[in-house]
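Input: a single structure, listed below in C-alpha coordinates.
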Amino acid sequence: MCKAWIQAAVLAVVGLAGASVRASELCGGVDYVLQESLLVDTAGDSNAFVRCVATGDLDNDGSPDIVASDRFSEELLLVLNDGSGGFLPPVSIFTTGAKWNRIILCEDLNGDGWVDIASSALEGLVVFLNRGVGASEDWLGFEPSDLYPSGVNPHWVDAADIDGDGDKDLLVADLGEPGEMTGFHYFLNDGTGDYAPGVQFDIGIDARCISIIGEDLNDDGLAEVLVTGRLPNAINVLHVVDNAGMDDQGNWAGLSYRSNAIIEYGACSIRSGDFDVDGDPDLVICHRTRGKITLLYNDGVGGLTHVEHPVPLTAEHAEPFDANGDGLPDLAVVIKEMNQVKIYVNDGSGLFASEESLATGVEPKFCAVADFDLDGSPDIVSADSHPGFDWSSLTIHRNRTGTVESTCDGDISCDGRIGVDDLLGVISGWGQTDHPGDVNVDGYVGVDDLLTIVSLWGPCDP
(Lines give C-alpha, C1' and ligand atoms only; values in the text may rest on other atoms or scores of the structure.)
Protein backbone atom coordinates (compact mmCIF):
# COMPACT_ATOMS: atom_id res chain seq x y z
CA MET A 1 0.00 0.00 0.00
CA CYS A 2 1.26 3.48 -0.74
CA LYS A 3 2.10 5.87 2.03
CA ALA A 4 -0.44 8.47 0.87
CA TRP A 5 -3.29 5.94 1.09
CA ILE A 6 -2.26 4.97 4.59
CA GLN A 7 -2.13 8.61 5.67
CA ALA A 8 -5.57 9.26 4.16
CA ALA A 9 -7.00 6.20 5.88
CA VAL A 10 -5.56 7.23 9.23
CA LEU A 11 -6.88 10.78 8.88
CA ALA A 12 -10.31 9.45 7.96
CA VAL A 13 -10.35 7.19 11.00
CA VAL A 14 -9.24 10.02 13.27
CA GLY A 15 -12.00 12.22 11.88
CA LEU A 16 -14.55 9.49 12.36
CA ALA A 17 -13.51 8.64 15.88
CA GLY A 18 -12.62 12.06 17.17
CA ALA A 19 -9.31 10.46 18.24
CA SER A 20 -11.18 8.37 20.79
CA VAL A 21 -12.92 5.01 20.99
CA ARG A 22 -15.16 3.17 23.39
CA ALA A 23 -13.16 0.69 25.42
CA SER A 24 -15.81 -1.95 24.66
CA GLU A 25 -14.53 -1.98 21.06
CA LEU A 26 -11.35 -3.60 22.35
CA CYS A 27 -10.97 -7.27 23.07
CA GLY A 28 -11.34 -7.68 26.82
CA GLY A 29 -13.60 -4.65 27.21
CA VAL A 30 -16.78 -4.94 29.25
CA ASP A 31 -19.47 -6.74 27.28
CA TYR A 32 -23.08 -7.17 28.43
CA VAL A 33 -26.01 -8.67 26.57
CA LEU A 34 -29.70 -8.40 27.45
CA GLN A 35 -30.82 -11.71 28.94
CA GLU A 36 -34.47 -11.02 29.73
CA SER A 37 -36.93 -8.49 31.10
CA LEU A 38 -39.29 -9.83 33.74
CA LEU A 39 -42.63 -8.05 34.00
CA VAL A 40 -43.80 -8.00 37.61
CA ASP A 41 -47.04 -6.98 39.28
CA THR A 42 -48.20 -6.73 42.88
CA ALA A 43 -51.52 -7.22 44.62
CA GLY A 44 -51.90 -3.74 46.10
CA ASP A 45 -54.67 -1.33 45.11
CA SER A 46 -52.15 1.20 43.79
CA ASN A 47 -50.14 0.71 40.62
CA ALA A 48 -47.08 -1.50 40.98
CA PHE A 49 -43.90 0.59 41.26
CA VAL A 50 -40.64 -1.31 41.77
CA ARG A 51 -38.40 0.99 43.80
CA CYS A 52 -35.41 -1.15 44.72
CA VAL A 53 -33.79 -4.47 43.92
CA ALA A 54 -31.31 -6.57 45.91
CA THR A 55 -29.68 -9.96 45.41
CA GLY A 56 -28.80 -12.89 47.66
CA ASP A 57 -28.98 -16.67 47.73
CA LEU A 58 -32.28 -16.83 49.61
CA ASP A 59 -32.80 -20.61 49.42
CA ASN A 60 -29.12 -21.55 49.80
CA ASP A 61 -28.97 -23.54 46.57
CA GLY A 62 -25.79 -21.86 45.37
CA SER A 63 -27.50 -19.52 42.87
CA PRO A 64 -28.24 -15.85 43.65
CA ASP A 65 -31.88 -14.78 43.72
CA ILE A 66 -33.60 -11.39 43.41
CA VAL A 67 -35.69 -9.36 45.87
CA ALA A 68 -37.66 -6.32 44.70
CA SER A 69 -39.69 -3.77 46.66
CA ASP A 70 -43.02 -2.19 45.67
CA ARG A 71 -43.08 1.51 46.47
CA PHE A 72 -46.85 1.68 47.03
CA SER A 73 -47.76 -1.60 48.74
CA GLU A 74 -46.78 -3.95 51.55
CA GLU A 75 -45.22 -6.39 49.11
CA LEU A 76 -41.71 -7.60 48.48
CA LEU A 77 -41.24 -9.87 45.47
CA LEU A 78 -38.93 -12.88 45.69
CA VAL A 79 -37.65 -14.03 42.29
CA LEU A 80 -35.81 -17.33 42.69
CA ASN A 81 -33.03 -18.46 40.36
CA ASP A 82 -33.77 -21.75 38.58
CA GLY A 83 -30.12 -22.78 38.95
CA SER A 84 -29.12 -22.02 35.36
CA GLY A 85 -29.46 -18.24 35.38
CA GLY A 86 -33.18 -18.18 34.59
CA PHE A 87 -35.87 -17.20 37.06
CA LEU A 88 -39.06 -18.66 38.50
CA PRO A 89 -42.29 -16.61 38.73
CA PRO A 90 -42.21 -14.03 41.57
CA VAL A 91 -43.48 -14.98 45.02
CA SER A 92 -44.78 -12.27 47.38
CA ILE A 93 -44.05 -11.73 51.05
CA PHE A 94 -45.78 -8.96 52.96
CA THR A 95 -44.39 -6.31 55.29
CA THR A 96 -47.48 -6.42 57.48
CA GLY A 97 -48.45 -2.93 58.59
CA ALA A 98 -45.65 -1.29 56.64
CA LYS A 99 -46.48 -0.08 53.15
CA TRP A 100 -44.32 2.01 50.84
CA ASN A 101 -41.22 -0.16 50.91
CA ARG A 102 -38.18 1.68 49.66
CA ILE A 103 -34.60 0.44 50.00
CA ILE A 104 -34.04 -3.25 50.75
CA LEU A 105 -30.97 -5.29 51.62
CA CYS A 106 -30.09 -8.97 51.81
CA GLU A 107 -27.80 -9.92 54.71
CA ASP A 108 -27.37 -12.80 57.16
CA LEU A 109 -28.59 -10.88 60.21
CA ASN A 110 -28.58 -13.71 62.76
CA GLY A 111 -25.44 -15.61 61.75
CA ASP A 112 -27.18 -18.85 60.80
CA GLY A 113 -25.83 -18.94 57.25
CA TRP A 114 -29.15 -17.96 55.64
CA VAL A 115 -29.80 -14.63 53.93
CA ASP A 116 -32.36 -12.41 55.68
CA ILE A 117 -34.08 -9.28 54.36
CA ALA A 118 -34.45 -5.77 55.77
CA SER A 119 -36.50 -2.94 54.28
CA SER A 120 -37.10 0.72 55.03
CA ALA A 121 -40.84 1.30 54.78
CA LEU A 122 -43.11 4.22 55.54
CA GLU A 123 -43.98 2.88 59.01
CA GLY A 124 -40.45 1.84 59.95
CA LEU A 125 -37.73 -0.78 59.63
CA VAL A 126 -38.95 -4.18 58.46
CA VAL A 127 -36.96 -7.38 59.12
CA PHE A 128 -37.65 -10.80 57.62
CA LEU A 129 -35.63 -13.68 59.11
CA ASN A 130 -35.01 -16.67 56.87
CA ARG A 131 -36.48 -19.93 58.22
CA GLY A 132 -33.98 -22.16 56.39
CA VAL A 133 -34.99 -25.76 55.72
CA GLY A 134 -37.20 -28.18 57.60
CA ALA A 135 -37.02 -31.93 58.12
CA SER A 136 -37.81 -32.49 54.45
CA GLU A 137 -34.83 -30.31 53.45
CA ASP A 138 -37.23 -28.05 51.55
CA TRP A 139 -36.73 -24.32 51.96
CA LEU A 140 -39.31 -22.88 54.37
CA GLY A 141 -39.17 -19.25 53.26
CA PHE A 142 -39.28 -16.35 55.71
CA GLU A 143 -40.73 -15.76 59.16
CA PRO A 144 -43.48 -13.12 59.41
CA SER A 145 -41.98 -9.66 59.36
CA ASP A 146 -40.93 -7.69 62.44
CA LEU A 147 -41.59 -3.95 62.38
CA TYR A 148 -39.44 -1.43 64.26
CA PRO A 149 -40.50 2.24 64.40
CA SER A 150 -37.79 4.44 62.91
CA GLY A 151 -39.01 7.97 62.48
CA VAL A 152 -41.59 9.82 60.45
CA ASN A 153 -40.47 8.94 56.93
CA PRO A 154 -37.82 6.16 56.79
CA HIS A 155 -36.05 6.15 53.45
CA TRP A 156 -32.85 4.06 53.40
CA VAL A 157 -31.49 1.07 55.31
CA ASP A 158 -27.95 -0.25 55.69
CA ALA A 159 -26.29 -2.97 57.76
CA ALA A 160 -23.02 -2.50 59.65
CA ASP A 161 -21.44 -3.58 62.94
CA ILE A 162 -21.38 -0.31 64.84
CA ASP A 163 -21.00 -1.65 68.42
CA GLY A 164 -18.12 -4.03 67.71
CA ASP A 165 -19.81 -7.28 68.76
CA GLY A 166 -19.57 -8.95 65.35
CA ASP A 167 -23.28 -8.77 64.52
CA LYS A 168 -24.94 -6.76 61.78
CA ASP A 169 -26.70 -3.73 63.26
CA LEU A 170 -29.13 -1.73 61.14
CA LEU A 171 -29.19 1.96 60.23
CA VAL A 172 -32.25 3.78 58.88
CA ALA A 173 -32.17 7.30 57.40
CA ASP A 174 -35.31 9.32 58.15
CA LEU A 175 -36.41 11.75 55.45
CA GLY A 176 -38.68 13.32 58.05
CA GLU A 177 -41.04 16.20 57.37
CA PRO A 178 -40.17 19.74 56.25
CA GLY A 179 -39.33 21.99 59.18
CA GLU A 180 -39.12 19.13 61.69
CA MET A 181 -36.16 17.64 63.61
CA THR A 182 -34.84 14.51 61.91
CA GLY A 183 -31.78 12.33 61.49
CA PHE A 184 -31.43 8.56 61.57
CA HIS A 185 -32.10 5.57 63.82
CA TYR A 186 -29.72 2.77 64.71
CA PHE A 187 -30.79 -0.68 65.85
CA LEU A 188 -28.40 -2.93 67.77
CA ASN A 189 -28.49 -6.64 66.96
CA ASP A 190 -28.57 -9.05 69.90
CA GLY A 191 -26.90 -11.72 67.75
CA THR A 192 -30.08 -13.59 66.91
CA GLY A 193 -31.51 -11.09 64.44
CA ASP A 194 -33.70 -9.49 67.10
CA TYR A 195 -33.13 -5.77 67.46
CA ALA A 196 -33.34 -3.45 70.42
CA PRO A 197 -35.68 -0.48 69.96
CA GLY A 198 -34.16 2.07 67.64
CA VAL A 199 -32.08 4.89 69.04
CA GLN A 200 -32.79 8.22 67.37
CA PHE A 201 -29.77 10.29 66.39
CA ASP A 202 -30.93 13.83 65.61
CA ILE A 203 -29.02 15.79 63.00
CA GLY A 204 -31.10 18.96 62.81
CA ILE A 205 -34.23 20.77 61.78
CA ASP A 206 -35.23 19.98 58.20
CA ALA A 207 -32.20 17.70 57.79
CA ARG A 208 -34.13 15.54 55.28
CA CYS A 209 -31.86 12.49 55.54
CA ILE A 210 -32.10 10.43 52.37
CA SER A 211 -29.44 7.73 52.30
CA ILE A 212 -27.10 6.20 54.87
CA ILE A 213 -24.13 3.86 55.09
CA GLY A 214 -22.04 2.38 57.87
CA GLU A 215 -18.37 2.10 56.90
CA ASP A 216 -15.11 1.78 58.84
CA LEU A 217 -13.25 4.78 57.45
CA ASN A 218 -10.30 4.81 59.87
CA ASP A 219 -9.57 1.07 60.11
CA ASP A 220 -10.33 0.76 63.83
CA GLY A 221 -12.77 -2.13 63.35
CA LEU A 222 -15.86 0.00 64.03
CA ALA A 223 -18.15 1.55 61.44
CA GLU A 224 -18.67 5.27 61.19
CA VAL A 225 -22.06 6.45 59.91
CA LEU A 226 -22.41 8.68 56.86
CA VAL A 227 -25.73 10.27 55.93
CA THR A 228 -26.74 12.34 52.92
CA GLY A 229 -29.11 15.18 53.75
CA ARG A 230 -29.06 18.92 54.08
CA LEU A 231 -28.66 21.85 56.41
CA PRO A 232 -31.51 24.20 57.43
CA ASN A 233 -30.54 26.59 54.62
CA ALA A 234 -31.17 23.78 52.10
CA ILE A 235 -27.47 23.21 51.30
CA ASN A 236 -26.96 19.53 50.53
CA VAL A 237 -24.32 17.86 52.66
CA LEU A 238 -22.81 14.58 53.73
CA HIS A 239 -23.04 14.23 57.51
CA VAL A 240 -20.15 12.33 59.11
CA VAL A 241 -20.87 10.65 62.46
CA ASP A 242 -17.93 9.15 64.33
CA ASN A 243 -17.96 5.90 66.24
CA ALA A 244 -16.80 6.50 69.84
CA GLY A 245 -15.65 2.89 70.23
CA MET A 246 -15.32 1.14 73.58
CA ASP A 247 -15.06 2.80 76.98
CA ASP A 248 -12.76 1.74 79.83
CA GLN A 249 -15.24 -0.93 80.93
CA GLY A 250 -15.42 -2.45 77.44
CA ASN A 251 -18.86 -1.07 76.69
CA TRP A 252 -19.69 0.59 73.43
CA ALA A 253 -19.65 4.36 73.89
CA GLY A 254 -22.02 5.26 71.04
CA LEU A 255 -21.88 7.72 68.15
CA SER A 256 -20.87 11.38 68.01
CA TYR A 257 -21.42 13.95 65.28
CA ARG A 258 -18.17 15.02 63.65
CA SER A 259 -18.80 17.29 60.69
CA ASN A 260 -20.57 17.81 57.42
CA ALA A 261 -19.21 18.26 53.94
CA ILE A 262 -21.02 20.21 51.25
CA ILE A 263 -21.83 18.02 48.26
CA GLU A 264 -23.79 20.72 46.43
CA TYR A 265 -26.31 18.63 44.54
CA GLY A 266 -29.40 16.71 45.70
CA ALA A 267 -28.05 13.33 46.77
CA CYS A 268 -30.14 10.18 46.51
CA SER A 269 -27.78 7.24 47.13
CA ILE A 270 -24.47 6.42 48.78
CA ARG A 271 -22.25 3.35 48.32
CA SER A 272 -18.66 2.40 49.16
CA GLY A 273 -15.68 0.78 47.44
CA ASP A 274 -11.89 1.06 47.44
CA PHE A 275 -11.81 2.99 44.18
CA ASP A 276 -8.19 4.15 44.35
CA VAL A 277 -6.99 0.75 45.62
CA ASP A 278 -5.14 2.10 48.66
CA GLY A 279 -6.78 -0.27 51.17
CA ASP A 280 -9.29 2.27 52.50
CA PRO A 281 -13.01 2.44 51.66
CA ASP A 282 -14.08 5.38 49.51
CA LEU A 283 -17.61 6.60 48.80
CA VAL A 284 -19.75 7.37 45.75
CA ILE A 285 -22.86 9.56 45.89
CA CYS A 286 -25.46 9.97 43.14
CA HIS A 287 -27.49 13.13 42.54
CA ARG A 288 -30.98 13.23 41.13
CA THR A 289 -30.80 16.93 40.26
CA ARG A 290 -27.54 17.25 38.30
CA GLY A 291 -25.56 15.19 35.80
CA LYS A 292 -22.79 14.31 38.22
CA ILE A 293 -21.73 11.71 40.72
CA THR A 294 -19.51 12.62 43.65
CA LEU A 295 -16.53 10.45 44.57
CA LEU A 296 -15.08 10.86 48.06
CA TYR A 297 -11.60 9.42 48.49
CA ASN A 298 -10.62 8.33 51.99
CA ASP A 299 -7.18 9.29 53.30
CA GLY A 300 -7.05 6.29 55.67
CA VAL A 301 -7.97 8.18 58.82
CA GLY A 302 -11.45 9.21 57.73
CA GLY A 303 -10.68 12.40 55.82
CA LEU A 304 -12.55 12.65 52.52
CA THR A 305 -11.46 14.39 49.31
CA HIS A 306 -14.21 15.20 46.79
CA VAL A 307 -13.98 14.64 43.05
CA GLU A 308 -16.96 15.07 40.72
CA HIS A 309 -17.51 12.80 37.73
CA PRO A 310 -19.91 13.79 34.94
CA VAL A 311 -22.76 11.50 33.90
CA PRO A 312 -25.57 12.12 31.40
CA LEU A 313 -28.58 13.90 32.85
CA THR A 314 -29.08 12.71 36.46
CA ALA A 315 -28.11 9.54 38.31
CA GLU A 316 -30.40 7.63 40.68
CA HIS A 317 -27.98 5.04 42.03
CA ALA A 318 -24.40 3.78 41.63
CA GLU A 319 -23.41 0.22 42.49
CA PRO A 320 -19.67 -0.57 42.85
CA PHE A 321 -18.58 -3.95 41.46
CA ASP A 322 -15.79 -5.50 39.40
CA ALA A 323 -17.27 -5.60 35.90
CA ASN A 324 -14.25 -6.90 34.01
CA GLY A 325 -12.45 -9.10 36.52
CA ASP A 326 -9.35 -6.91 36.87
CA GLY A 327 -9.69 -6.58 40.65
CA LEU A 328 -10.72 -2.91 40.52
CA PRO A 329 -14.15 -1.63 41.61
CA ASP A 330 -16.10 -0.28 38.65
CA LEU A 331 -19.52 1.42 38.77
CA ALA A 332 -22.95 0.58 37.42
CA VAL A 333 -24.82 3.90 37.35
CA VAL A 334 -28.60 4.10 36.92
CA ILE A 335 -29.61 6.92 34.55
CA LYS A 336 -33.38 7.08 35.00
CA GLU A 337 -34.17 9.68 32.35
CA MET A 338 -32.33 7.71 29.65
CA ASN A 339 -33.73 4.28 30.64
CA GLN A 340 -30.18 2.99 31.00
CA VAL A 341 -27.60 1.55 33.32
CA LYS A 342 -24.16 2.81 32.34
CA ILE A 343 -20.96 0.94 33.18
CA TYR A 344 -18.00 3.09 34.21
CA VAL A 345 -14.69 1.24 34.35
CA ASN A 346 -11.97 2.08 36.87
CA ASP A 347 -8.72 3.08 35.17
CA GLY A 348 -6.61 1.94 38.15
CA SER A 349 -6.23 5.37 39.69
CA GLY A 350 -9.75 5.65 41.04
CA LEU A 351 -11.08 7.57 38.04
CA PHE A 352 -13.67 6.16 35.66
CA ALA A 353 -14.29 5.96 31.93
CA SER A 354 -17.62 5.18 30.27
CA GLU A 355 -17.62 1.65 28.91
CA GLU A 356 -21.09 0.44 27.95
CA SER A 357 -24.76 1.45 28.15
CA LEU A 358 -27.40 -1.14 29.03
CA ALA A 359 -31.02 -0.55 28.01
CA THR A 360 -33.59 -0.99 30.81
CA GLY A 361 -37.33 -0.66 31.19
CA VAL A 362 -38.90 2.73 31.75
CA GLU A 363 -37.41 4.92 34.51
CA PRO A 364 -35.07 2.56 36.37
CA LYS A 365 -34.60 3.44 40.04
CA PHE A 366 -31.98 0.99 41.27
CA CYS A 367 -29.71 -1.85 40.21
CA ALA A 368 -27.94 -4.79 41.82
CA VAL A 369 -25.22 -7.20 40.70
CA ALA A 370 -24.77 -10.95 41.10
CA ASP A 371 -23.42 -13.86 39.06
CA PHE A 372 -26.83 -15.28 38.15
CA ASP A 373 -25.56 -17.82 35.62
CA LEU A 374 -22.51 -18.85 37.70
CA ASP A 375 -20.01 -18.20 34.91
CA GLY A 376 -17.68 -16.20 37.14
CA SER A 377 -18.74 -12.74 35.93
CA PRO A 378 -21.23 -10.41 37.67
CA ASP A 379 -24.52 -9.83 35.88
CA ILE A 380 -26.79 -6.80 36.42
CA VAL A 381 -30.49 -6.46 37.25
CA SER A 382 -32.28 -3.11 37.21
CA ALA A 383 -35.52 -2.14 38.96
CA ASP A 384 -37.65 -0.37 36.34
CA SER A 385 -40.56 1.60 37.79
CA HIS A 386 -42.81 2.20 34.71
CA PRO A 387 -44.76 5.02 36.44
CA GLY A 388 -48.44 5.21 35.56
CA PHE A 389 -48.75 1.51 34.77
CA ASP A 390 -49.85 -1.32 37.04
CA TRP A 391 -46.69 -3.32 36.41
CA SER A 392 -42.95 -2.86 36.55
CA SER A 393 -39.98 -4.79 35.23
CA LEU A 394 -36.68 -6.30 36.25
CA THR A 395 -34.20 -6.12 33.39
CA ILE A 396 -31.31 -8.59 33.51
CA HIS A 397 -28.12 -8.21 31.52
CA ARG A 398 -25.65 -11.07 31.35
CA ASN A 399 -21.94 -10.29 31.57
CA ARG A 400 -19.97 -11.78 28.68
CA THR A 401 -16.74 -9.94 29.41
CA GLY A 402 -13.71 -12.07 28.68
CA THR A 403 -15.61 -14.79 26.81
CA VAL A 404 -14.51 -13.60 23.35
CA GLU A 405 -10.91 -14.02 22.20
CA SER A 406 -8.92 -12.64 19.31
CA THR A 407 -8.71 -15.01 16.35
CA CYS A 408 -5.57 -13.56 14.74
CA ASP A 409 -2.84 -10.96 15.17
CA GLY A 410 -4.20 -7.42 14.96
CA ASP A 411 -7.81 -8.40 15.70
CA ILE A 412 -7.99 -6.31 18.87
CA SER A 413 -11.78 -5.91 18.58
CA CYS A 414 -12.26 -9.71 18.47
CA ASP A 415 -14.67 -9.63 15.51
CA GLY A 416 -12.75 -12.06 13.30
CA ARG A 417 -11.33 -9.50 10.89
CA ILE A 418 -8.86 -6.66 10.77
CA GLY A 419 -10.66 -3.41 10.03
CA VAL A 420 -11.78 0.02 11.17
CA ASP A 421 -12.58 -1.14 14.74
CA ASP A 422 -8.96 -2.19 15.15
CA LEU A 423 -7.68 1.14 13.83
CA LEU A 424 -9.94 2.85 16.33
CA GLY A 425 -8.59 0.58 19.02
CA VAL A 426 -5.03 1.68 18.26
CA ILE A 427 -5.99 5.36 18.33
CA SER A 428 -7.73 4.92 21.69
CA GLY A 429 -4.45 3.82 23.24
CA TRP A 430 -2.17 6.26 21.43
CA GLY A 431 1.03 6.86 23.33
CA GLN A 432 0.25 4.33 26.03
CA THR A 433 2.63 1.58 27.05
CA ASP A 434 0.20 -1.08 28.25
CA HIS A 435 -2.78 -1.24 25.90
CA PRO A 436 -4.26 -3.74 23.40
CA GLY A 437 -3.44 -1.23 20.65
CA ASP A 438 0.24 -2.16 20.95
CA VAL A 439 -0.14 -4.64 18.08
CA ASN A 440 3.57 -5.08 17.33
CA VAL A 441 4.38 -5.48 21.05
CA ASP A 442 7.15 -2.89 21.11
CA GLY A 443 5.87 -1.38 24.37
CA TYR A 444 4.30 1.70 22.80
CA VAL A 445 1.13 2.43 20.82
CA GLY A 446 1.95 4.54 17.77
CA VAL A 447 2.31 4.77 14.00
CA ASP A 448 3.95 1.35 13.70
CA ASP A 449 0.82 -0.24 15.15
CA LEU A 450 -1.42 1.59 12.69
CA LEU A 451 0.80 0.41 9.82
CA THR A 452 0.62 -3.15 11.14
CA ILE A 453 -3.19 -3.02 11.21
CA VAL A 454 -3.32 -1.72 7.64
CA SER A 455 -0.90 -4.41 6.42
CA LEU A 456 -3.11 -7.15 7.93
CA TRP A 457 -6.39 -5.67 6.63
CA GLY A 458 -9.18 -8.13 5.93
CA PRO A 459 -10.66 -11.27 7.48
CA CYS A 460 -8.62 -13.47 9.75
CA ASP A 461 -7.47 -16.74 8.19
CA PRO A 462 -9.88 -19.61 8.87
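What number of residues within the stretch 307-354 are in a strand (DSSP E or B), small (Gly, Ala, Ser) and more than 10 Å from the chain's Cα centre (by Cα)?
2
When the residues of the stretch 203-216 are filtered to those that are at pLDDT 95 or above and either under 17 Å from Val237 (Cα atoms) or out of contact with any Ser or Thr (no Cβ under 7 Å at 6 or more places or on another chain) (or both), which remaining residue is most open to solvent (accessible area, probe 1.4 Å)?
The extreme case among them is Asp216.
Report whether or not Gly303 is among the small types (Gly, Ala, Ser), without any contact (Cβ under 8 Å) to a residue 40 or more places away in the chain, in contact with a His (Cβ under 8 Å, 6 or more places away or on another chain) and open to solvent by 10 Å² or more (accessible area, probe 1.4 Å). Spell out how you get there, then give the answer.
Details: among the small types (Gly, Ala, Ser): yes; without any contact (Cβ under 8 Å) to a residue 40 or more places away in the chain: yes; in contact with a His (Cβ under 8 Å, 6 or more places away or on another chain): no; open to solvent by 10 Å² or more (accessible area, probe 1.4 Å): yes.
Spelling it out, it is not the case that Gly303 is among the small types (Gly, Ala, Ser), without any contact (Cβ under 8 Å) to a residue 40 or more places away in the chain, in contact with a His (Cβ under 8 Å, 6 or more places away or on another chain) and open to solvent by 10 Å² or more (accessible area, probe 1.4 Å).
Anything in the stretch 317-326 that is open to solvent by 10 Å² or more (accessible area, probe 1.4 Å) and either at pLDDT 90 or above or under 14 Å from Ala353 (Cα atoms) (or both)? List them, or say none.
Glu319, Pro320, Phe321, Asp322, Asn324
In contact (Cβ under 8 Å) with a residue 12 or more places away in the chain and closer than 19 Å to Ser269 by Cβ: does that describe Asp167?
No.
What is the one condition in (1) under 13 Å from Phe275 (Cα atoms); (2) modelled with pLDDT under 95 that His386 does not satisfy?
(1)
Rundown of residues vs (1) part of a loop (DSSP other than H, G, I, E, B); (2) in contact (Cβ under 8 Å) with a residue 24 or more places away in the chain; (3) among the acidic types (Asp, Glu); (4) open to solvent by 30 Å² or more (accessible area, probe 1.4 Å), yes/no style:
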| site | (1), (2), (3), (4) |
| --- | --- |
| Val127 | no, yes, no, no |
| Leu147 | no, yes, no, yes |
| Gly151 | yes, yes, no, yes |
| Ile162 | yes, yes, no, no |
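Where residues in the stretch 225-247 are farther than 19 Å from Ala267 by Cα and surrounded by fewer than 24 Cβ atoms within 10 Å (Cβ to Cβ), which of them is farthest from the chain's Cα centre (by Cα)?
Asp247
Please work out which one of (1) in a loop (DSSP other than H, G, I, E, B); (2) more than 30 Å from Phe49 (Cβ to Cβ); (3) of a type in the set (Gly, Ala, Ser) is the condition Gly388 fails and give its number.
(2)
Taking Thr289 as the residue in question, decide whether it is among the polar types (S, T, N, Q), in a loop (DSSP other than H, G, I, E, B) and in contact with a strand residue (DSSP E or B) (Cβ under 9 Å, 6 or more places away or on another chain).
Here the answer is yes, as Thr289 does meet what is asked.
Out of all the residues in the stretch 355-373, which are in contact (Cβ under 8 Å) with a residue 24 or more places away in the chain, part of a strand (DSSP E or B) and of a type outside the set (Lys, Arg)?
Within the stretch 355-373, the subset in contact (Cβ under 8 Å) with a residue 24 or more places away in the chain is 355-356, 358-373.
Within this subset, residues satisfying the condition of being part of a strand (DSSP E or B) are 355-356, 358-359, 364-370.
Answer for the stretch 355-373, where residues must be in contact (Cβ under 8 Å) with a residue 24 or more places away in the chain, part of a strand (DSSP E or B) and of a type outside the set (Lys, Arg): Glu355, Glu356, Leu358, Ala359, Pro364, Phe366, Cys367, Ala368, Val369, Ala370.
Conditions first: (1) outside any strand (DSSP E or B); (2) open to solvent by 50 Å² or more (accessible area, probe 1.4 Å). Gly176 passes all but one, so which condition is the exception?
Gly176 satisfies every listed condition except (2).
Can you name the residue in the stretch 185-200 that is touching a residue at least 40 places away in the same chain (Cβ under 8 Å) and in contact with a Leu (Cβ under 6 Å, 6 or more places away or on another chain) and, of all such residues, is most open to solvent (accessible area, probe 1.4 Å)?
Once the filter is applied, the top-ranked residue is Tyr186.
It is to be established whether one or more residues within the stretch 84-93 are within 22 Å of Val369 (Cβ to Cβ), touching a residue at least 40 places away in the same chain (Cβ under 8 Å) and buried (at least 21 other Cβ atoms within 10 Å of the Cβ).
Scanning the stretch 84-93 turns up no residue that is within 22 Å of Val369 (Cβ to Cβ), touching a residue at least 40 places away in the same chain (Cβ under 8 Å) and buried (at least 21 other Cβ atoms within 10 Å of the Cβ).
I'd like the full set of residues that are touching a strand residue (DSSP E or B) at 6+ places or on another chain (Cβ under 8 Å) and free of Cβ contacts under 8 Å to residues at least 24 places away in the same chain, limited to the stretch 129-145.
Arg131, Leu140, Glu143 - these are the residues of the stretch 129-145 that are touching a strand residue (DSSP E or B) at 6+ places or on another chain (Cβ under 8 Å) and free of Cβ contacts under 8 Å to residues at least 24 places away in the same chain.
Name the pairs whose Cβ atoms lie under 7 Å apart, with the first residue in the stretch 446-459 and closer than 14 Å to Ile412 by Cβ, the second among the charged types (D, E, K, R), and 6 or more positions between them or separate chains?
Once the first residue is closer than 14 Å to Ile412 by Cβ and sits in the stretch 446-459, its partners that are among the charged types (D, E, K, R) give Asp449/Asp438; Ile453/Asp422; Leu456/Asp409.
Pick from Leu295, Leu255, Leu283: which is farther than 28 Å from Thr401 by Cβ and crowded, with 16+ Cβ neighbours inside 10 Å?
Answer to the check: Leu255.
The values are calculated or read from the model by the stated rules, or taken from the named source; none is laboratory data. Since we're looking at a predicted model, the values are computed, not measured. Positions of Cβ are generated from backbone atoms using ideal geometry, with glycine treated the same way; all protein chains shown enter the neighbour counts. Quick note on the areas: whole protein, heavy atoms, side chains included, nothing else; ligands and nucleic acids left out. Shrake-Rupley method; radii C 1.70, N 1.55, O 1.52, S 1.80 Å.
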